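To start, the structure itself, in structure tokens.
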Amino acid sequence: MDSVEVSEQVHAPADRVWDLIGDPTRMADLTTECTTMAWAGGATAPAVGARFRGSNRLGWRRWTTTCTIVDHQPGRSIAWDVHAGPFAVARWSYRIDPGAGDGAATTVTERFEDHRAPAFRAIGPLLRGVPDTVAHNRQNMAETLARLKHRAEG
């Protein structure tokens, strides 16, 4: 299983950072591929077991995923599993580590874990047009965290 983890130091209080990532349906404008996210299956707020749908775009390619929150610790962490139809795709997570002392930076860590089956990994480059998922996601995660930092510090 491939995974990627990227961290960023944000000069803002941890609660400000949490306000930006604690509800994934409000994160679409921070990400590079996700265009919209909306609660599904009767969910209206983040909680373990809540589901949401994500619409994504990469160039001319578009796809939709269903996500289920698997970790939700307000102010600390959130994670969700992603499925495309019946197929497991990934787990995305965010962790907040507050800095020690007044004015200390908050560390935000975004993590991607690839949950695709071998056959799905083999056809993935054709479907998404991304030959190296790890490098692609690392770049996108760095951009997402840079946008998060800008917004939290602004």
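Remarks
- Extents of region 3-153, taken as max minus min of Cα coordinates on every principal axis and listed largest first, are 49, 35, 25 Å.
- Angle in degrees between helix 118-128 and the longest Cα principal axis of the chain, rounded to the nearest 10: 80
- When +1 charges are put on Lys and Arg Cβ atoms and -1 charges on Asp and Glu Cβ atoms, the dipole computed for region 3-153 relative to its Cα centre reaches about 600 debye.
- Added length on full extension, which subtracts the Cα-Cα distance from 0.36 nm per residue, ALA104 to TRP63: 10.8 nm
- Stretch gain in nm, segment ARG16-LEU127, where the contour uses 0.36 nm per residue and the Cα spacing is subtracted: 36.3 nm
- Relative contact order, percent, the chain [alpha-carbon distance under 8 Å, six or more residues apart]: 29
- Placing pseudo-labels 7 Å out from each Cα toward the beta carbon at HIS115 and VAL48 gives an inter-label distance of 1.5 nm.
- Take the Cα of ASP71, step 7 Å toward its Cβ, do the same at THR36, and the gap between the two points is 3.0 nm.
- What separates the Cα centres of region 15-84 and region 132-153 is a distance of 15 Å.
Rule-based calculations on the coordinates, nothing more; no lab input. Since the structure is predicted, the reported quantities are computational estimates derived from the model, not experimental observations. So basically every Cβ, Gly included, is an ideal-geometry build from the backbone, and we count neighbours across all protein chains shown.
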